[in-house]
Amino acid sequence: QVQLVESGGGWVQPGGSLRLSCAASEFSLVDATIGWFRQAPGMEREEVSCISSSSSDGSTYYPDSVKGRFTISRDNAKNTVYLQMNSLKPDDTAVYYCAAVEDPDCGSEFEYWGQGTQVTVSS
């Protein structure tokens, strides 16, 4: 059974940093497209990053809300994808999810989802 497990969430003060990890089992992330999403109470789910498969061009996507602050990356040896989050704001508070699909590029429909990790930004 394919499993995606997020880790690295927690509490941080405004302006601080966190690095989230998405580890996969029974599934290779090397040739998969990976997305990070977040959902805050009372808000719709929002995509905050995506990285295309290595067999494609490995291009990345960020919405304006996180551009310049968040960075997505891969470690193929560990079969893990990371989301580095810097200059965090209270509005970044949400449950963060990773998702994957065996597709060459971003924009596709995601098939596999993790259970999420809580990120809380407050003073």
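Among residues belonging to segment 39-62 that are in a strand (DSSP E or B) and open to solvent by 20 Å² or more (accessible area, probe 1.4 Å), point out the one that is nearest to Pro104 (Cα to Cα). So, considering only residues that are in a strand (DSSP E or B) and open to solvent by 20 Å² or more (accessible area, probe 1.4 Å), the one nearest to Pro104 (Cα to Cα) is Thr60. Scanning segment 90-107 for residues that are outside any helix (DSSP H, G or I) and among the acidic types (Asp, Glu), we see that the one that is modelled with the highest pLDDT is Glu102.
Taken over segment 86-116, the criterion of being under 10 Å from the mean Cα position of the chain (by Cα) and farther than 15 Å from Ala24 by Cα is satisfied by Tyr96 alone. Here is a check on your reading of the model: is Ser87 at pLDDT 95 or above, open to solvent by 30 Å² or more (accessible area, probe 1.4 Å) and in contact with a strand residue (DSSP E or B) (Cβ under 6 Å, 6 or more places away or on another chain)? For Ser87, the condition - at pLDDT 95 or above, open to solvent by 30 Å² or more (accessible area, probe 1.4 Å) and in contact with a strand residue (DSSP E or B) (Cβ under 6 Å, 6 or more places away or on another chain) - is not met. Restricting the first member to segment 70-85 and to residues that are on the phi > 0 side of the Ramachandran plot, and the second to residues that are among the small types (Gly, Ala, Ser), the beta-carbon pairs closer than 9 Å and six or more apart or on different chains are Asn79/Ala23; Asn79/Ala24; Asn79/Ser25; Asn79/Ser28. The lone criterion from (1) assigned to a loop (DSSP other than H, G, I, E, B); (2) farther than 13 Å from Val119 by Cβ; (3) open to solvent by 60 Å² or more (accessible area, probe 1.4 Å) left unmet by Ser65 is number (3).
The values are calculated or read from the model by the stated rules, or taken from the named source; none is laboratory data. Source: prediction; values computed, not measured. Neighbour counts are summed over all protein chains in view; Cβ atoms, including those assigned to glycine, are modelled from backbone coordinates with ideal geometry. Heavy atoms of the whole protein, side chains included, go into the accessibility calculation; ligands, DNA and RNA do not. Shrake-Rupley method; radii C 1.70, N 1.55, O 1.52, S 1.80 Å.
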